[in-house]
Amino acid sequence: MLEVRNLVKEFSGERTVVAIDGVSFEVRDDEFLCIVGPSGCGKSTLLRIIAGIEKWNRGEVLFHGKPIEGPNEKIMMIFQHFGLLPWKTALENVQLPLEVHGIDRQEARKIALEYLQKVGLSEFADTYPHDLSGGMKQRVGIARALAMRPEILLMDEPFSSLDELTASTLRREVLRIWADPKLSTKTFIMVSHNVSEAVFMADRVLVMSPRPGKIVEEVEVDIPRPRVEHTRDPRFFDIVDHIISVIEAACAASARACENLLVKSC
Amino acid sequence: MPRTQNFGYAFGFLAILLIYVLVLSLVKNPEIGNLPYYTFRTFARITATYIISLVTGLFFGLLAATYKTASTILVPLFDVLQSIPILGYFPAAIIFFISAFQGAEIGLELAAMLLLYTSMEWAIFFGIIGAVKNIPANIVEAAKSFNLEGLSYIRHVVLPAIVPALISGSTLAWGDGWFFMIAAEYITYGGVTYSLPGLGSYLAKAAYEYGDMNLAVVLLVIITALVMYINFLTWHRLTEKAGSGAYKPIFASTWSRRFALSGVRRLAPVRRIGMSFRFRHSVLSVSKKRMYTKIEKGVALMALIFLVLVVVMLAQPNVPSGDEIVRSLTIPEMANLPFYTLATLARLTIAYFVSLAIALTMGILAAERKGFALVFYPIYDIGQSVPILALFPILFISISQVFGGRLGLEITSITMLVADMIWYLFLNIVAAVKTIPDEIREVSQLLGMKGLKRIRHIILPAIMPAVVTGSMLSWATGWNTVIFSEYMPYGSEVLSLPGLGSFLDKAAYQEGNTVLLGFLLLVMTCLVIAVDRFVWRKLLRKIERYGAEVM
């Protein structure tokens with residue numbers, strides 16, 4: 001459903017930096033795809049390009065065979081720092097995008113409440129983000145994105161600003177939502193620098209090298225779901241170790257230290 | 001880069017030199033030969049006052065920052081002091097200094113410096129307080145764990161942390177000094193004009209005594225050029241230097257990405273831009289908003305009343321008896337007091353809304369088109385440097401050609417108010433627009449918000465705290481300027497509009513009625529505080545509901 005072909009992104013400044021260098025991949029229907037790589041490999045930029053909020057220099061990004069030309073209501077995103085509007089309550093935050101897209105207020109409110117309930121936050125509908133915990137904020141972010149009924153959900157390091165316990169709960173919840181047959185959103189693309197997290201969640205992991213960002217490896221994760229039961233399996237550790245060694249090799253090749261490579265278990 | 005910069009400094013110096021040579025040789029005015037001397041005197045006056053402000057600001061600021069007891073008294077006291085119309089107290093100060101030195105120039109000089117001081121001190125003091133409050137809790141804890149205490153704590157933690165605030169506070173203070181220069185150098189009291197040698201008094205004389213508008217404009221241009229050049233030479237360079245570290249200047253010439261999400265808040269936690277959302281999710285809110293307890297407010301108010309009483313007593317060697325007070329206050333014009341109050345309030349309100357409309361438009365333009373923001377800084381720089389009080393004769397002549405009589409005068413008065421009030425709003429709003437986090441911008445982009453929807457749901461709420469802080473300050477400064485904008489010497493006559501400001505001026509300058517002066521000041525101060533409490537504080541509380549923070 002989504003195809004990226006020979007994508008090149010450069011940041012021009014005093015020195016031109018090639019952030020993404022000829023990246024190609026395809027996203028299958030109903031897939032949970034994860035892109036991992038060290039800081040500064042251009043993975044977040046890649047996600048923003050798909051979301052239609054960042055321009056690129058060369059190559060093609062096709063959604064259902066048509067080039068992406070800007071933000072698309074069928075592709076929604078959740079952010080590392082949640083991106084909630086501080087001046088709106090949880091409910092209003094979910095409701096606003098619906099209204100912007102022409103749904104009338106009453107109907108938008110109904111849908112917003114429904115999705116807040118799906119993420120377990122109906123009691124906090126009238127609370128401002130300021131008074132919500134990090135995990136709750138990200139739940140609002142997820143509800144806001146899903147309420148738009150997109151086909152693709154993009155997630156930019158969605159758990160990296162949460163504490164590990166909250167993150168772990170939320171990971172399982174996201175997987176539950178992804179598997180929910182009643183939801184119209186079936187395709188998830190997540191960017192992460194946490195390798196175990198990627199292996200825990202994804203069907204397929206794309207590994208990116210640091211600047212210039214290239215895809216150096218594609219790993220199919222064939223561990224059966226639910227994976228909570230398999231996080232101690234040797235297979236799990238083999239895949240994690242393999243991906244880490246690929247990243248380390250890529251880092252060594254570009255003579256840069258690998259920073260922030262978290263190897264936490266889920 | 002440095003080479004072109006040095007070239008710029010040299011070029012600027014030569015340009016100013018050339019202006020002086022041209023003016024000295026071309027302008028025909030008996031006093032023109034004194035221009036370099038006047039420049040020197042004004043420059044020395046402002047510099048000396050600035051140094052005093054800096055030293056006392058540092059002293060009180062550090063005192064309030066390190067000792068809790070000092071802070072509970074000093075901060076509310078300074079807050080009340082800075083929100084009352086300083087110019088209104090000026091006559092009382094002059095009466096005191098003139099009588100104390102029997103009209104000698106030194107007395108006038110001290111009075112002028114006191115006026116300048118009262119306009120320069122606040123930015124520095126509150127800048128320091130704000131910066132100390134914004135030292136991240138982890139740094140304070142780290143310092144404690146290494147046993148940094150007392151002087152070594154101040155030296156290694158506090159001083160480095162307040163450098164950016166000192167620089168931006170100094171920039172504002174310096175600008176304010178030049179702003180009030182004319183008022184300080186050229187004073188009419190009880191029908192007599194006192195003037196101190198300086199650029200401000202020369203400008204006033206050119207306009208009022210010689211009636212030479214060309215000379216007034218030339219002097220205005222010289223002053224503006226001089227202020228800008230000095231700014232570039234000093235504050236801009238310092239700001240850039242301070243900005244190279246962890247702190248960023250408010251108007252960094254590049255729009256740095258991710259800037260708003262970085263842990264350290266922007267430079268210049270000065271009163272003028274002391275408020276912003278804390279978008280960061282982490283629990284940084286150690287510096288809880290500054291709200292005083294009733295007792296603190298009471299103490300501050302008592303201290304203030306005491307101060308005013310002392311000044312009035314000193315100014316009036318013979319304490320007025322009850323009879324005298326009654327006689328001074330029961331003049332026929334007192335019947336007009338409610339009307340005067342309403343007239344002044346109306347003028348200020350109109351000027352405020354005009355300023356707000358312009359500042360909001362510019363702020364939104366800056367938010368939507370990054371290019372605009374880069375243009376706005378120079379506008380601010382020039383606008384802030386022009387001494388507004390000097391604008392009056394020039395403004396009036398041009399406006400009265402379109403609108404005759406009262407109306408022309410009203411428009412001139414309101415224009416002057418706008419010219420003074422708009423900068424606080426403008427500076428606050430543009431700074432707030434710059435700190436809207438990228439993620440918020442991205443969200444609005446992703447959700448396809450454009451045009452009015454984007455302005456209504458994203459830009460306006462994001463800059464709301466800045467609008468409220470800007471409004472508080474612009475309103476306070478408006479009260480200050482209204483005293484001048486309603487009562488303007490023009491040639492040999494005085495043009496005045498009915499209002500509290502002109503009433504106060506008449507009481508002070510024409511009749512020398514100290515009791516009435518004191519009474520009117522009290523009325524004005526009460527009005528300022530009432531508006532602050534019932535309008536601005538209410539708005540602040542509304543915004544705080546969703547987590548915006550007051551410095």
Looking at A:Leu154, A:Leu165, A:Leu170, A:Leu116, which is the one that is more than 11 Å from chain B (Cβ to nearest Cβ), buried (at least 21 other Cβ atoms within 10 Å of the Cβ) and not in a loop (DSSP other than H, G, I, E, B)? A:Leu116
May I ask you to verify whether B:Val531 is open to solvent by 20 Å² or more (accessible area, probe 1.4 Å) and either away from chain A (no Cβ under 14 Å) or not β-branched (Val, Ile, Thr) (or both)? yes
Inside the stretch A:123-132, the number of residues satisfying the requirement of being open to solvent by 60 Å² or more (accessible area, probe 1.4 Å), modelled with pLDDT of 90 or more and not charged (D, E, K, R) is 1
Working only within the stretch A:205-223, note down all residues that are open to solvent by less than 70 Å² (accessible area, probe 1.4 Å), in contact (Cβ under 8 Å) with a residue 40 or more places away in the chain and touching a Cys at 6+ places or on another chain (Cβ under 9 Å). A:Val205, A:Leu206, A:Met208, A:Ser209, A:Pro210, A:Pro212, A:Gly213
Single residue of A:Leu85, A:Leu46 found to be open to solvent by less than 10 Å² (accessible area, probe 1.4 Å), within 30 Å of B:Ile459 (Cα to Cα), without any contact (Cβ under 8 Å) to a residue 60 or more places away in the chain and not aromatic (Phe, Trp, Tyr): A:Leu85
Among the residues of the stretch A:127-164, the number that are within 15 Å of A:Asn194 (Cβ to Cβ) and over 13 Å from the mean Cα position of the chain (by Cα) is 4
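Strands (runs of 3 or more DSSP E) wholly in the stretch A:1-62 with at least 2 residues that are under 15 Å from the mean Cα position of the chain (by Cα) - which ones?
The qualifying strands (runs of 3 or more DSSP E) are A:32-36.
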Requiring at least 3 residues that are at pLDDT 75 or above and open to solvent by 10 Å² or more (accessible area, probe 1.4 Å), the helices (runs of 4 or more DSSP H) wholly within the stretch B:189-247 are B:213-231
Quick check on my filter: what residues within the stretch A:93-102 are facing chain B (nearest Cβ under 10 Å) and either surrounded by 19 or more Cβ atoms within 10 Å (Cβ to Cβ) or β-branched (Val, Ile, Thr) (or both)? A:Asn93, A:Leu96, A:Pro97, A:Leu98, A:Val100
For the stretch B:106-118, give me each residue that is in contact (Cβ under 8 Å) with a residue 40 or more places away in the chain and open to solvent by less than 10 Å² (accessible area, probe 1.4 Å). B:Ala111, B:Ala112, B:Leu115, B:Leu116
Can you tell me which residue is most open to solvent (accessible area, probe 1.4 Å) among those in the stretch A:66-82 that are without any contact (Cβ under 8 Å) to a residue 60 or more places away in the chain and more than 10 Å from chain B (Cβ to nearest Cβ)? A:Glu69
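Which one of these is at pLDDT 80 or above and under 21 Å from B:Ala173 (Cβ atoms): B:Phe59, B:Phe78, B:Phe90?
None of the other options fit; the residue is B:Phe59.
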Of A:Arg105, A:Arg139, A:Arg149, A:Arg144, the only residue that is more than 9 Å from every other protein chain (Cβ to nearest Cβ), basic (Lys, Arg) and surrounded by 16 or more Cβ atoms within 10 Å (Cβ to Cβ) is A:Arg139
Does the stretch B:485-508 include one or more residues that are within 14 Å of another protein chain (Cβ to nearest Cβ), surrounded by fewer than 21 Cβ atoms within 10 Å (Cβ to Cβ) and out of contact with any Leu (no Cβ under 9 Å at 6 or more places or on another chain)? no
Within the bounds of the stretch B:432-455, is there any residue that is more than 27 Å from A:His101 (Cα to Cα), aliphatic (A, V, I, L, M) and buried (at least 16 other Cβ atoms within 10 Å of the Cβ)? yes
Here the residues within the stretch A:119-136 that are away from chain B (no Cβ under 12 Å) and not β-branched (Val, Ile, Thr) are A:Gly120, A:Leu121, A:Ser122, A:Glu123, A:Phe124, A:Ala125
Of the criteria (1) closer than 21 Å to A:Ser160 by Cα; (2) modelled with pLDDT under 85, which one A:Ile244 fails: (2)
For the stretch B:432-469, name all the residues that are more than 10 Å from every other protein chain (Cβ to nearest Cβ) and either touching a His at 6+ places or on another chain (Cβ under 7 Å) or farther than 26 Å from A:Arg48 by Cβ (or both). B:Ala466, B:Val467, B:Val468, B:Thr469
Of all residues in the stretch A:193-217, how many are of a type in the set (Ser, Thr, Tyr) and closer than 19 Å to A:Asp238 by Cα? 1
Just for the stretch A:49-65: of the residues that are open to solvent by 10 Å² or more (accessible area, probe 1.4 Å) and within 12 Å of another protein chain (Cβ to nearest Cβ), which one is farthest from B:Ser444 (Cα to Cα)? A:Lys55
Of everything in the stretch A:63-85, what is assigned to a loop (DSSP other than H, G, I, E, B) and under 14 Å from A:Gln138 (Cα atoms)? Give them in sequence order. A:Phe79, A:Gln80, A:His81, A:Phe82, A:Gly83, A:Leu84, A:Leu85
Name every residue in the stretch B:16-45 that is surrounded by fewer than 12 Cβ atoms within 10 Å (Cβ to Cβ) and assigned to a helix (DSSP H, G or I), in order of residue number. B:Leu17, B:Leu18, B:Val21, B:Leu22, B:Ser25, B:Leu26, B:Gly33, B:Pro36, B:Ala44
For B:Tyr50, are the conditions met, namely being open to solvent by less than 50 Å² (accessible area, probe 1.4 Å) and modelled with pLDDT of 75 or more? yes
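The values are calculated or read from the model by the stated rules, or taken from the named source; none is laboratory data. All of these numbers come straight from a predicted model, not from anything done at the bench. Neighbour counts run over all protein chains shown; Cβ positions are idealised from the backbone, glycine included. For accessibility, only protein heavy atoms count, side chains too; no ligands or nucleic acids. Shrake-Rupley method; radii C 1.70, N 1.55, O 1.52, S 1.80 Å.
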